[in-house]
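Structure first, then comments.
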Amino acid sequence: MGKTIIISNRLPVKIYKNNGEFELKQSEGGLATGLGAIYRQADNIWIGWPGMEVHTNESKEEIAKRLAEINLRPVFLTQEDINCYYEGFSNEVMWPICHYHPTYAKFDPAYWQSYQEVNAKFRDAVLQIVEPDDIIWIHDYQLLLLPGLIRAVHPDITIGFFQHIPFPSSEIFRLIPWRIEILENMLGADLIGFHTFDDARHFISSITRLLPVHSVSNVITYNDRPVVVESFPMGIDDKKFESMPGEQSVVDQINELKQSFDGFKMVLSIDRLDYSKGILQRLEAFDLLFQQHPEYIGETILYMIVVPSRDTVPRYKELRDEIDKVVGNINSRYRTLNWSPVHYYYRSVTPDLLSALYSMAEVCLVTPMRDGMNLVSKEYVASRTNNTGVLILSEMAGAAKELIDAIIVNPNNTHEICQAIIQALNMSREEQQQRMKKLRSVVSKFNIRHWVKIYMDRLNEVKHLQESMKAK
Ligand code: F6P
């Protein structure tokens with residue numbers, strides 16, 4: 001068995017310039033936080049974009065050298081690639097389509113052209129280092145063509161593909177003008193994984209309706225090659241989140257937060273800036289809370305972090321402006337001399353502060369309109385070492401299929417979210433503990449190590465299945 005090559009659009013760290021020097025920091029998003037902890041085993045390698053445009057060959061070499069020390073290989077994107085492949089096709093076509101916002105999609109042929117070119121750039125980066133025994137593990141919607149592009153060069157190599165965002169109903173997917181090319185190339189993989197059974201089911205129905213395949217249950221045979229489609233719900237590094245609240249730097253942060261928020265009940269909300277996350281609806285639910293239940297004025301606060309993301313894409317810019325407006329509106333209407341309802345921060349947070357907030361918050365409110373998995377919900381649960389706290393979770397998050405002891409809400413129903421907040425704030429300690437214990441056992445059993453293992457074991461089995469079919 002050779003090495004494992006992980007490939008994703010973004011590396012788990014990103015490069016930025018500080019006083020003329022290149023520095024590294026952790027990337028945002030579920031993929032980077034989830035797999036970031038485990039990729040540095042043996043001589044495995046992660047290939048991806050380091051997150052900024054780099055102009056000179058000298059800088060590229062310097063960055064490549066620094067990344068090589070931590071098993072990372074950069075694929076450099078030009079400004080044109082960033083505009084058309086990343087912001088364009090990935091985030092203005094695939095993202096809205098997969099999150100059921102087809103009216104936000106912009107089917108620009110220039111975006112498609114660039115998407116094909118950049119997927120080919122990633123293929124070239126893989127071809128430079130791949131050996132016949134290696135396992136190639138491709139991640140997410142930015143690289144849907146990569147399995148097919150690599151398969152064309154290496155017909156027998158092992159390729160896994162995992163999609164971290166939802167896969168939509170075939171009626172939505174088929175709106176994409178280039179749907180056939182996308183599906184054909186995805187089938188270059190041996191094993192195609194999704195977070196939920198429903199995503200896998202939607203993918204299989206797109207495949208069987210749009211391509212001349214033979215399918216038996218979740219095994220699709222295309223061009224005489226069987227490909228397996230299955231769900232593998234992703235977990236987190238539970239041990240890390242469990243141990244962090246005991247670290248001195250986190251304890252210091254908790255003490256600092258206590259000074260500002262002592263006596264108030266804290267509801268925590270944390271997401272990347274994204275219209276799929278239901279941030280405005282969540283604010284509306286809070287507005288309702290203070291409007292209809294003024295007893296919570298001066299008592300409860302919403303601590304809301306929105307991590308900057310894709311803010312050069314028009315929809316994201318608009319959303320940011322709208323959030324500013326709505327937060328300002330709520331705060332100006334309900335604020336008192338020594339209390340503000342919404343503490344809103346538009347910035348990244350350090351791991352220490354994040355852990356302190358997870359420990360402090362009586363309630364964590366996770367209400368995406370659509371989410372492949374949502375790891376924040378699992379991180380909150382893992383951080384609650386004394387088994388208290390309440391998770392309110394959208395039924396549209398993949399995590400809701402596993403975290404059934406959360407209070408589950410429809411993110412479009414702001415009255416229901418408002419009621420859930422009231423239920424959570426008044427929940428007895430016994431009930432909190434009963435629920436949290438069950439949630440914690442799910443999160444610790446199905447953690448990130450388990451996820452990697454079951455995916456890799458299955459990939460291995462699929463290769464054996466293919467070999468036995470070939471031999472017949
Ligand atoms: O988890 C979904 C995902 O889209 C990842 O593919 C991505 O790295 C992350 O969210 C953050 O998005 P972006 O890379 O566009 O900042």
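Bear in mind that the values in this text are calculations on the coordinates, not laboratory data. As the structure is a prediction and not an experimental result, all values here were calculated from the model. In this analysis, Cβ positions are derived from the backbone assuming ideal geometry, glycine residues included, and neighbour counts consider all displayed protein chains.
A few comments on the model shown:
- Dmax and Rg, reported as Rg then Dmax, of region 79-233 (C-alpha, Å): 14.8, 44
- Protection proxy ranking, peptides 289-299, 185-195, 394-404, average beta carbon neighbours within 10 Å, highest first: 185-195, 394-404, 289-299
- Pairs of Cα atoms nearer than 8 Å and 6+ residues apart set the relative contact order; for the chain it is 13 percent.
- Packing-based ranking, highest mean first, of 235-246, 55-66, 10-21 given that Cβ atoms within 10 Å are counted: 235-246, 10-21, 55-66
- Of the trypsin sites (Lys or Arg not before Pro) in region 119-183, the ones in a loop by DSSP (not H, G, I, E or B) with at most 16 other beta carbons within 10 Å are Arg174.
- Förster-model FRET efficiency, 30 Å R0, Asn329 and Val349, C-beta, rounded to 0.05: 0.75
- For region 153-239: rounded, prolate or oblate by the Cα gyration tensor [a/c cutoff 1.5]: oblate
- Contact order, relative form, for region 239-339: 33 percent (alpha carbon pairs under 8 Å, 6 or more residues apart, mean separation divided by residue count).
- Net +/- balance of residues flanking Asp81 in space, Cβ distance below 11 Å, scoring K and R +1, D and E -1: -3
- 10 Å beta-carbon shell around Thr158, net charge (K/R +1, D/E -1): -3
- Theoretical ellipticity at 222 nm over the chain - DSSP helices of four or more residues, -39500 (n - 2.57) apiece, nearest 500: -13500 deg cm²/dmol
- Of all DSSP beta bridges in the chain, antiparallel share, percent nearest 5: 25
- Local net charge near Lys401, Cβ-Cβ under 13 Å (Lys/Arg +1, Asp/Glu -1): -4
- Ranking of Val126, Val326, Val153 by neighbouring Cβ atoms within 10 Å, starting from the fewest: Val153, Val326, Val126.
- Listed by Cβ neighbour count within 10 Å, with the fewest neighbours leading, Arg440, Arg333, Arg384 appear as Arg333, Arg440, Arg384.
- Phi to ³J(HN,Hα) by Karplus 6.51 cos²θ - 1.76 cosθ + 1.60 over region 111-124, Hz, x for Gly, Pro: 5, 5, 4, 5, 4, 5, 5, 6, 4, 5, 4, 5, 4, 4
- Each residue in Ser231, Ser359 was given a count of other beta-carbon atoms within 10 angstrom of its own, and listing them fewest first yields Ser231, Ser359.
- Between the amide H of His195 and those of Phe232, distances stay under 5 Å, these residues lying 5 or more places away or on another chain, with hydrogens modeled in the peptide plane.
- Beta-bridge orientation, region 263-414: approximately 5 percent antiparallel, per DSSP, counting only bridges with both partners inside.
- Around the amide H of Ile138, modelled in the peptide plane, lie the amide H atoms of Ile7, Gly160, Phe161, Phe162, all under 5 Å away and 5 or more residues distant in sequence or on another chain.
- Cα gyration tensor shape for the chain, rounded if a/c is under 1.5, else prolate or oblate: prolate
- Working ranking of peptides 372-379, 87-94 by packing, defined as the average number of other Cβ atoms within 10 Å per residue, highest first, is 372-379, 87-94.
- Vicinal HN-Hα couplings computed from phi for region 214-225 (Karplus, 6.51 cos²θ - 1.76 cosθ + 1.60; Hz; Gly/Pro x): 10, 10, 10, 6, 9, 10, 9, 9, 9, 6, 6, 10
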